[in-house]
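Novice: The structure that follows is given in the form of structure tokens.
The values are calculated or read from the model by the stated rules, or taken from the named source; none is laboratory data. Just so you know, these numbers come straight off a predicted model, no measurement behind them. Using ideal geometry, Cβ is built from the backbone for each residue, glycine included, and neighbour counts are taken over all protein chains shown. Quick note on the areas: whole protein, heavy atoms, side chains included, nothing else; ligands and nucleic acids left out. Shrake-Rupley method; radii C 1.70, N 1.55, O 1.52, S 1.80 Å.
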Amino acid sequence: MTAVKVHGRIDILRLPVNQEERIFPPWHIKYTKSHILHSKCSKSENGCNEKDEPCQFCIFSHTLELPHMPDMVFPNNILTLHHEDGATLQFNALDALKTVSNGKIHIQLACAEAWKESRSESSEFLEEKIKPFDWTFTTSYTGTISDFKIEETSERIDMDKLKRKDKILFYNDLTLFEDELHDNGIAVCSVKIRVMPNGFFILLRYFLRIDNVLIRINDTRIYHEFGQDYLLREYTTREAKVAELRDIASFFTEPSEIAPYLPLTGCQYHKLIMLSNKVASGINAELSNETVTDSKAVTTSINETDNSVT
């Protein structure tokens, strides 16, 4: 696909997209990967009008209504899994950012004052960032699903099985968005998938590091064993102040290494049962675009031992 100029710049919708499709019956798995989102409208200095098809920047801006978007948003980085009976599971940046608190919710993160004190030389930037929206872009996104029935479950993903040296038939790692917090840390949301002979495993991870202040990890793990009519989904949140982690500072840049040291602050467990096309047509509306805020979530004690950081 050839890039073209629109209004003096390149229209990201026309930029080359790297993609791959694989079939593991009865699943069709596809990913697309391309460039970051423009920082301005690619069609007009005043933004897209209502009559024309909007550019991706305007779609994100109008949908999210955030005072700022992350430094890097990858609108075409999308992972989609589709079952032949109709069930679909997708991961994309727009839906991930929908769960970020915007200006309509007046919040101030508990660490804001500590960060402000530790970054007094950046006071102008901090005055801009410490506003009533989540400048860390923390997301509780667990994926966008359709044609699934969601049930609470006591069944857990067998992490020992995932640690076996099974052959990897397919693997990919996509970044959905990333922000460097004005060189004061990092916030990144990514999704990884690996397909083995017996099933597939997905890790959707939001990782936040605010230098000298806080580390936070929100993980969604999804496992499906081929032949079963359901997927297991586990959502965990972990968080700790940097002052409590000084002895392991060498791990601060490696989410998988630091995660076991972060206290578990919350966990929710779901069984996603695939529906046939006939059954799904009656209840699909209430299940589409489901997020972790679903009322059927199961929350266990935050003191539960959970070392599942694969």
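Novice: Under a 5 Å amide H to amide H cut-off, with H placed in plane at 1.01 Å, what residues pair with Ala240 once short-range neighbours are removed?
Specialist: Hits under the 5 Å cutoff: Ile215.
Novice: Further, regarding this structure: Kindly sort Thr88, Thr265 by accessible area of their heavy atoms, largest first, with the probe set to 1.4 Å.
Specialist: Sorted by accessible area, descending: Thr265, Thr88.
Novice: Also: Please give, to one decimal in nm, the separation of the simple spin-label points placed at Phe252 and Thr63, each 7 Å out from Cα toward the Cβ.
Specialist: Result for the modelled spin labels: 3.5 nm.
Novice: Return the long-range amide H neighbours of Thr142 (sequence gap of 5 or more, or a different chain), with a cut-off of under 5 Å between placed amide H atoms.
Specialist: Here Val292 satisfy the definition.
Novice: Using the Karplus equation 6.51 cos²θ - 1.76 cosθ + 1.60 (θ = phi - 60°), what ³J(HN,Hα) coupling, rounded to whole Hz, does each residue of region 51-65 give in order, writing x for Gly and Pro?
Specialist: Listing the rounded values in order: 7, 9, 5, x, 6, 5, 4, 5, 4, 5, 4, 6, 6, 8, 6 Hz.
Novice: Mind checking the alpha-carbon convex hull of region 24-71 and giving the volume per residue in Å³?
Specialist: Measuring per residue, one finds 139 Å³ for the Cα hull of region 24-71.
Novice: Obtain the nm distance between the two label points defined at Val17 and Ser276 by a simple spin-label model: each point lies 7 Å from its Cα along the Cα-to-C-beta direction.
Specialist: According to this spin-label approximation, the distance is 3.3 nm.
Novice: Would you pull out the residues with amide H under 5 Å of Cys48's amide H, same chain only if 5 or more places away, H placed 1.01 Å from N?
Specialist: Under 5 Å from the amide H of Cys48 lie the amide H atoms of Cys55, each far enough along the sequence or on another chain.
Novice: Separation of region 170-228 and region 58-79 by C-alpha centroid, Å?
Specialist: So the separation of the two Cα centres works out to 18 Å.
Novice: Here is a follow-up. Along region 34-40, what does the Karplus equation 6.51 cos²θ - 1.76 cosθ + 1.60 (θ = phi - 60°) give for ³J(HN,Hα), rounded to whole Hz, x for Gly and Pro?
Specialist: Calculated HN-Hα couplings, in order: 7, 7, 6, 6, 4, 8, 9 Hz.
Novice: Consider all pairwise Cα distances in region 149-256 and report the whole-number % of them above 24 Å.
Specialist: It works out to 37 percent of all Cα pairs.
Novice: Something else: Distance check, please: which entries in Lys163/Lys192; Lys33/Lys165; Lys165/Lys192; Lys33/Lys192; Lys149/Lys192 exceed 19 angstrom between their Cα atoms?
Specialist: Lys33/Lys165; Lys149/Lys192
Novice: Still on this structure: Arrange the peptides 94-102, 75-83 so that the one whose residues have, on average, the most other Cβ atoms within 10 Å appears first.
Specialist: 75-83, 94-102
Novice: Compute, for Thr144, the solvent-accessible surface of its heavy atoms (probe 1.4 Å) with the complete set of protein chains present, and express it in square angstrom to the nearest 10.
Specialist: Roughly 20 Å² of Thr144 is accessible to a 1.4 Å probe.
Novice: Once every Cα of region 139-185 carries one equal point scatterer and solvent is ignored, give the base-10 log of I(q)/I(0) from the Debye formula at q = 0.17, 0.27 Å⁻¹, two decimals.
Specialist: At q = 0.17, 0.27 Å⁻¹ the computed log10 ratios are -1.02, -1.12.
Novice: Work out from phi, with θ = phi - 60° and the Karplus expression 6.51 cos²θ - 1.76 cosθ + 1.60, the ³J(HN,Hα) of each residue of region 179-188, listed in order in whole Hz, and give x for Gly and Pro.
Specialist: Here the 3J(HN,Hα) series is 9, 9, 6, 6, 6, 10, x, 7, 9, 9 Hz.
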